[in-house]
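Asks: Take a look at this one; I'll ask things after.
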Amino acid sequence: MPRLHLERHRFLRVGWLRAAVLGADDGIVSTASILIGVAAAAATGASASTTRSAILVAGLASLVGGALSMAAGEYVSVSSQRDTERADIAREQRELARSPDLELDELTNIYVERGLEKTLAREVATQLTAADPLGAHMRDELGMHVGSHARPLQAALVSATSFAIGSIPPWVAAAAFSSNRIPIIAGVGLVLLAVTGGIGGRLGGAPPLRAASRVLAGGGLAMGVSALIGNLVGTAI
Ligand SMILES: [Zn+2]
């Protein structure tokens, strides 16, 4: 889905399906890392039941906080994209009403730049303008496509949901096991990351194995650093 205005946020760069997979990746890495960090910190001293509830509350907070922050980020970003799109369309409408000849020249030049001969470009521009002037300018001048319009609520919902879904398996692993919690959470997280990484790579046209190993390396690093920090802080406090 090519877009004219590239923004930082993933929902605008990639399709919603890939955005969902990346959101799930985020949920897995964030929540598994937080669970591991708290588990590592609590491993020193506290009683087993205190440790368990601290870990589970932290994991739940990660799920909720992460999902909401993803939703807010996507909503703001995609809203501003939508405002830009609307402003572009309104400007095109004004220009088409005010100076149709200039707009026809503009469209002709766009087709010339894409490789058509001047006379043919003129003919194409004339016919497309006759059929649907605004549509032709939106598509060929602004790079907008029907169905590709920014939808802030949808983006927010997909991001929040996918983050929450990604957060659940590590949390369940933390709840289900009382011994060897850290390696189990890490194992569950890494297996899921390998799967989502492969799917994300495939959806993005990258080799699944390479994509999966990149996601695995990043996720493994995040969990490792969290364990280390949890360990240090746990012993210090
Ligand atoms: Zn135009």
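Quick note: the coordinates plus some simple rules give every number you see, no bench work behind them. What you see is a predicted model, and the numbers here were worked out from it, not measured in a lab. Positions of Cβ are backbone-derived with ideal geometry, glycine not excepted, and every protein chain shown enters the neighbour counts.
Asks: Name the residue, out of ASP83, ASP101, ASP26, whose mean-square fluctuation peaks in a Gaussian network model built on the chain with Cα pairs under 10 Å.
Replies: ASP101
Asks: Separate question: Calculate, for ALA175 and ALA87, the FRET efficiency according to 1/(1 + (r/R0)^6) with r their C-beta to C-beta distance and R0 35 Å; round to the nearest 0.05.
Replies: 0.10
Asks: Just MET144, MET223, MET70 to compare: in a GNM of the chain, with alpha carbon springs under 10 Å, which one fluctuates most?
Replies: Ranking MET144, MET223, MET70 by mean-square fluctuation puts MET144 first.
Asks: Additional query: Starting from the exponent 0.38 and prefactor 2.2 Å, build the expected Rg for the stretch 24-148 from its residue count and divide its actual Cα Rg by it.
Replies: 1.97
Asks: A follow-up question, please. Taking the Cβ of VAL38 as the centre, find all other residues whose Cβ is under 13 Å away and add up their charges (Lys, Arg: +1; Asp, Glu: -1).
Replies: Around VAL38, the surrounding residues sum to +2.
Asks: Taking neighbour counts of Cβ atoms within 10 Å as a proxy for exposure, in what order, fewest first, do LEU232, LEU216 appear? Intermediate values should be presented prior to the final figure.
Replies: On the way: LEU232 12, LEU216 17.
Fewest-to-most Cβ neighbours within 10 Å comes out as LEU232, LEU216.
Asks: Order these by the 10 Å Cβ neighbour count, fewest first: VAL225, VAL21. Please report the intermediate quantities before stating the final value.
Replies: On the way: VAL225 13, VAL21 26.
The order, fewest Cβ neighbours first, is VAL225, VAL21.
Asks: Mind computing the radius of gyration and Dmax over the alpha-carbon atoms of the stretch 107-237? Å is fine for both.
Replies: 25.3, 78
Asks: Any idea what the relative contact order of the stretch 53-170 is, in percent, if you count C-alpha pairs under 8 Å spaced at least 6 apart?
Replies: Rounded, it is 51 percent for the stretch 53-170.
Asks: By counting other Cβ atoms within 10 Å of each Cβ, how are HIS145, HIS137 ranked from fewest to most?
Replies: Details: HIS145 12, HIS137 24.
The most exposed by this proxy come first: HIS145, HIS137.
Asks: Now for a different question. Calculate the FRET efficiency for THR235 and ALA97 from the Cβ-Cβ distance with a Förster distance of 45 Å, rounded to the nearest 0.05.
Replies: Details: r = 71 Å, r/R0 = 1.58.
Efficiency computed from Cβ-Cβ geometry: 0.05.
Asks: In percent, how large is the relative contact order of the chain, given Cα pairs closer than 8 Å and 6 or more residues apart?
Replies: 39
Asks: Restricting attention to the alpha-carbon atoms of the chain, what are Rg (one decimal) and Dmax (integer), both in Å?
Replies: Both quantities, over Cα of the chain: 24.7, 83 Å.
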